[in-house]
Each structure stands twice: as structure tokens, then as C-alpha cells.
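Notes for the one structure printed next.
A short reminder: the numbers here are calculations on the coordinates, not readings from a lab. Keep in mind that what you see is a predicted model, and the values were worked out from it rather than measured. Every residue, glycine as well, gets a Cβ built from its backbone with ideal geometry; the counts of neighbours run over all protein chains shown.
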Amino acid sequence: MSMNSSTLSRRIAAAGKHIPADLVIQNGRILNVFTGNWMTGDIAITDGMIVGIGTYEGHQQLDAAGRIIVPGFIDGHVHIESTMLLPSEFAKVSLQHGVTTVVTDPHEIANVAGEDGIRYLLQDAEQVPLDLFVMLPSCVPATPTEHNGANLTADKLSTFLSDPRVLGLAEVMDFPSVANGSPDMLAKLDAVRAVGGHIDGHAAGIGREDLNIYRAADIRTDHEAVNVQEAIDRLELGLYLMVREGTVAKDLKALLPAITERNSRRCLFVTDDVLLDDLIEHGSIDHAVRLALAEGLDPVIAVQMATLNAAECFGLRQLGAVAPGYQADLLLLDDLNDVSIHQVYKKGECVFDSSGESTLISGGHPTEAETARNVHSQASSHVGESSISLPNLNAKPVTAADIAIAVHGDSRECHIIEVVPGSLITGRSVDTVDTQDGCFAPSIERDLLKMVVVERHRATGCVGAAIVRGFGLKRGAIATTVAHDSHNIVAVGASDRDILAAIDQVSRLNGGLVVIEDGELIASLPLPVAGLMSDRGYEEVYASLLELNQKLLRLGASEEFNLFLMLSFLTLTVIPELKLTDQGLFEFSSGSYIPVSLS
């Protein structure tokens with residue numbers, strides 16, 4: 001955000017009213033996130049920056065007509081890959097929801113493609129009309145106990161630290177490596193600290209005493225609190241509390257009682273992982289603000305959490321407020337309570353207008369941003385080509401013998417992964433299962449289905465299988481190559497035939513999502529970019545997701561949660577309690593693999 005002396009001179013001259021501002025927004029009610037008060041006055045904007053609030057003249061004037069003006073929203077932690085869009089398409093949807101800045105962790109594509117994956121996203125994001133900052137993936141691989149596609153050492157990560165878009169080190173989820181002083185982890189922490197970078201935490205299932213270890217390592221944030229006490233623990237020990245509201249992890253309502261007027265400035269909203277259909281239909285940070293207001297949070301605190309708090313957390317000094325010296329990222333709202341967005345301004349240019357009109361700013365000819373301000377109409381059928389090549393799927397063929405789960409003993413008792421709707425945490429139980437030829441047989445009546453993970457990066461032939469309850473499928477199977485964090489192939493189904501067909505079809509697509517019924521493909525979404533993202537425009541991807549969801553209902557799937565996103569997190573071993581990888585059934589509490597059958 002550097003500027004030369006002539007630009008600085010222009011801004012100072014416009015602030016002092018010696019020259020007209022580029023744009024003046026009049027007749028708005030401005031929420032001051034510093035004082036919590038409401039202000040009136042003209043907002044003078046020059047060179048994309050706010051230069052004054054008062055009485056100003058400008059080359060262009062906009063009548064806000066009494067609308068509420070707040071800063072552009074900031075998402076403090078998001079994995080763009082979870083939307084299955086490239087940044088160039090993700091930006092179009094996010095801007096419609098008032099998100100003008102995101103802090104993203106390319107952890108997913110890095111686990112598949114390493115440094116090239118990070119470069120691929122940075123390259124695609126070069127021209128996006130929002131501020132996109134990157135936190136470098138800290139744990140690739142996420143754990144040493146499964147197979148992923150890459151290994152990012154401190155030396156490899158350090159090459160990115162000179163990029164001004166890179167803010168630091170993303171969610172440090174390998175707590176044992178921090179606690180035990182692993183040389184590789186210490187090297188990553190030191191490299192980021194040496195350049196004054198920020199370090200995010202990932203303290204799922206970590207008690208208060210162990211949080212001290214994270215703070216001693218200069219880790220400053222956490223988004224894994226799931227109850228009031230965990231939120232208080234983080235705030236009392238000096239961590240920023242990231243209040244997460246995504247597609248699977250919905251923690252906002254549980255955490256709000258911990259937020260007070262005294263501690264709220266250390267709190268911010270994040271989405272973490274959100275699917276495209278959820279993003280389009282419900283929103284992003286605007287949805288979190290809307291939900292918080294409905295739960296009774298003070299509007300000033302809610303807006304601060306969505307703007308200034310996030311900016312200050314990451315040291316983004318020119319973002320997060322409507323005030324002189326701040327970037328002109330503004331939202332004009334028709335109503336604050338339901339966060340109804342009339343217009344979105346990025347660096348003083350209108351990038352989204354809910355009405356779709358093109359002549360709202362008076363004076364001069366329409367700018368390029370004005371003629372394309374309704375980003376909904378900008379969706380393209382194909383996104384731009386990248387010069388960086390990413391790896392294809394590389395999995396061995398899978399047979400029925402590979403996915404069989406042997407059940408021993410007369411009791412036929414097995415460990416069961418229990419899905420918890422609205423949470424990344426899974427429950428666990430032990431239950432008697434049906435068998436056929438000494439192996440587990442799915443039971444539709446008891447909702448006991450088979451889950452399978454197939455290694456897809458180096459054709460190792462590793463396959464893990466387990467039993468899961470909560471998906472509700474009455475027939476068929478689904479499979480996806482979005483499987484946190486190693487992103488192997490993961491499938492769940494009511495029969496071996498359909499599971500094998502799903503694995504085969506997703507391999508043929510070179511990655512994606514598939515729905516199988518009676519051995520036949522009935523819906524799919526190809527994800528050719530690392531098996532994680534589409535190369536299509538967001539509207540086309542959205543249409544495919546809707547079709548997938550409709551076909552899932554035909555199979556009797558649960559309507560309490562998104563099956564594909566839930567399935568993608570049942571492989572994440574850094575979250576309690578039972579998860580499945582290509583190596584087998586993993587128990588978080590012991591940090592080890594356990595047999596499915598008890599006997």
C-alpha cells in the first residue's frame with residue numbers, strides 16, 4: 001500500500017479542500033467503529049482512499065439517501081478451496097455479500113500440490129477486485145500418519161514471505177510438534193517471526209494449560225473454540241478469538257455469551273470452510289453479522305468484529321474503518337439488522353449494486369467499475385488459464401477385497417464414527433454390526449454405512465475403511481476428492497458395489513464430487529484443479545451443486561447438513577474424535593490408529 005509523493009500530495013490537497021475529491025458520498029449515516037457513535041457528513045475519496053469526513057466537493061457525487069454506511073467486511077480465516085472456486089470466481093460472490101478483504105490459508109491445494117499450489121492461487125488472485133491476503137500453510141502434511149501430496153518445509157515457505165500479500169503462518173494444527181519443540185516447526189515459527197509476521201493457531205481439543213504453549217510460541221489467534229469456557233480461556237490468555245460460522249462448523253451461537261463490551265475488541269468473525277451454495281444463499285461474514293444481531297449482540301460490536309477487529313488483528317492498518325487515511329472499502333446498507341446490502345465500494349469504486357443500475361454516480365463518464373458493478377452478471381463459463389501445471393489423480397484401482405472390514409469374535413462389536421451435525425467434531429460409539437462372510441455389512445435400518453479412503457497422490461494402494469452413522473443414505477454412494485487435509489479419495493455408501501463405482505467415477509473425472517445409484521453415475525461436479533476446485537464460473541458450479549443436492553435427497557440423505565462437506569471432514573485427524581484416513585481408523589485422544597473391530 002505504498003504511495004509516491006505526488007499521490008500523497010493529491011490526497012493531502014483533497015483533504016484540505018484545495019482540490020475537489022474524486023468522489024464524495026453524501027447524506028449517509030456512518031457507523032464509527034472507533035467510538036461506536038453514528039456520524040453524518042460527506043465522505044471524500046481520492047485515489048481510492050478516504051481523505052476526509054465533513055463538507056466536501058467532488059468530481060462525482062453520490063447521494064446515499066440516508067442509508068447506513070459501514071466498512072467493508074473482512075473474513076479473517078477462510079479456505080477458498082472449500083467453495084470449489086478459484087479466487088477469481090470466489091471474489092465475485094464474496095463482494096455481493098460485502099466482503100472486501102479475505103485472509104486465506106491455501107492449506108488444501110498445498111497438501112495436494114505443494115509450492116506450485118500456493119503459486120497457482122496467488123497467480124489467479126492477482127487481478128481479483130478484493131484484497132486477498134495469504135497465511136502460509138504451516139502443516140503440510142497435516143500429520144505424519146497419512147499420505148498427502150507434498151511436504152512444505154520452512155525453507156520452502158520462506159520463499160513466499162517477501163510477497164506483500166503474505167501475512168504470516170496459517171493455523172498451526174500440529175500441537176505436538178510445537179509442544180515438543182520439533183526443529184522443523186520451530187524453523188517455520190522463527191522464519192515468520194523474523195519478518196514480523198502473524199501466526200494463527202488451531203487449538204481443537206486443547207485444554208487451557210496447553211494454550212500457554214501456543215502463546216509462548218507467539219501464536220495469536222484461534223478459531224477452534226466451540227463453547228463459552230473455551231472462548232474465555234483464549235481471551236484470558238491473550239489470543240484473538242475467531243468466531244467461526246461456516247457450513248459445517250457453526251460455533252457463533254455457542255460463543256456469543258462469552259463476548260462482552262470489555263473483551264469484544266479481541267473478537268472477529270471467520271467462515272473457515274463454506275460451500276458455494278451456502279455462500280450464495282446465506283452469505284459470508286454478512287451472515288455471521290446477521291445471525292449475531294438476531295441473537296442480541298450489540299450492532300456496534302458486531303460491525304467492529306466484522307471490520308476493525310479483523311484488520312487490527314492482522315496489522316492491516318488502512319482497512320476496517322470509515323475514516324480519513326483508510327481505504328475506501330464501504331458498504332451502503334438499506335437496513336443494518338438484516339444486513340441488506342445496497343452497494344459495495346472497493347477502493348472508492350462501486351463493485352456491486354443490488355439494483356443493477358449503471359448511472360448512480362453523477363458527473364463524468366461511468367468508470368470501468370460502474371459499467372461492471374453488478375458482479376452477478378460477470379460470471380464466465382471458464383476462468384483464465386494458469387501457466388502453472390498441477391498434478392493429476394494417481395490412485396491404484398480398488399477392489400471389493402480392499403474395502404472389506406473384517407469383524408472378529410461372536411459379539412461383532414465395532415467402533416462407530418458418529419456424525420455430529422453442525423460440528424467438525426465426531427462422536428464415537430461401540431455397536432454390534434451385521435456381517436456377511438465375516439465382514440461388516442451396511443445396515444440401512446440402523447444407518448450404519450461403510451466409509452472408505454483411498455490414497456490418490458502416489459498410487460501407494462493404501463486404503464482405509466470404517467463404519468459411520470448419521471448420513472442417512474438408503475441406497476447408493478457418494479465420493480469426493482475434497483477430503484481434509486490430505487485430500488485423498490473419500491467415499492461413503494450403502495453397498496460395496498456403489499462405493500467402488502463412486503471411487504471409479506471420481507478417478508475418471510480427475511477429481512470432483514459424484515453421486516451413484518445402483519452402480520450408475522447420476523450426478524457429478526468435476527474439480528480438475530488439484531481435485532479441489534472447478535475451472536468454471538461460479539454460476540455453473542452452483543447449478544451442479546444444486547443438482548447434486550437434489551440427487552442426494554433421492555437417495556434418502558440427511559437434510560440436517562451438507563453430506564459432501566461433512567464427509568470431507570471425517571478424514572481430518574486433528575479434530576476429535578474418530579476419523580478415517582488411507583491408513584485406517586484414527587483416534588484423536590490417543591493420537592493413534594485403532595482397529596474397527598473390538599475383538
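Below, the figures for the structure above:
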| read-out | value |
| --- | --- |
| Degrees between helix 285-294 axis and first principal axis of the chain (Cα, 0 to 90, nearest 10) | 90 degrees |
| Over region 413-594, volume per residue of the alpha carbon convex hull, in Å³ | 113 Å³ |
| 10 Å-binned pair-distance histogram of region 239-333 (Cα, whole percent) | 16, 48, 32, 4 |
| Between helix 87-96 and the chain: long-axis angle, C-alpha atoms, 0 to 90°, nearest 10 | 60 degrees |
| Cα-based Rg of region 129-258 normalised by 2.2 N^0.38 Å, two decimals | 1.08 |
| For q = 0.08, 0.09, 0.16, 0.17 Å⁻¹, Debye-computed log10 I/I(0) when each Cα of region 71-319 counts as one equal scatterer | -0.27, -0.35, -1.18, -1.34 |
| In region 411-462, the GluC sites (Glu not before Pro) that fall in loop regions by DSSP, at most 15 other Cβ within 10 Å | 445 |
| Beta bridges per DSSP with both ends in region 413-594, % antiparallel, nearest 5 | 95 percent |
| The chain pair-distance distribution - Cα-Cα, 20 Å bins, rounded % | 21, 52, 24, 3, 0 |
| Theoretical gain in end-to-end length, residue 394 to residue 212 [0.36 nm per residue, Cα-Cα removed] | 61.4 nm |
| Debye, to nearest 20: dipole size of the chain, +1 on Lys, Arg Cβ, -1 on Asp, Glu Cβ | 860 debye |
| Where labels lie 7 Å past Cα in the beta-carbon direction, separation of residue 436 and residue 160 in nm | 4.6 nm |
| Computed over region 13-146, the ratio Rg/Rh where both radii use C-alpha atoms and Rh is Kirkwood | 1.13 |
| DSSP beta bridges in the chain [antiparallel fraction, %, rounded to 5] | 70 percent |
| Stretch gain in nm, segment residue 458-residue 187, where the contour uses 0.36 nm per residue and the Cα spacing is subtracted | 94.8 nm |
| The chain: angle of helix 496-508 to the longest principal axis, Cα-based, in degrees nearest 10 | 40 degrees |
| Normalised contact order of region 413-594, rounded percent, pairs of Cα under 8 Å and 6 or more residues apart | 22 percent |
| Distribution of pairwise C-alpha distances over region 405-447, 10 Å bins, in % | 26, 48, 21, 4 |
| Of all DSSP beta bridges in region 71-319, antiparallel share, percent nearest 5 | 5 percent |
| Spin-label model distance (nm) - residue 355 vs residue 508, 7 Å beyond Cα toward Cβ | 5.1 nm |
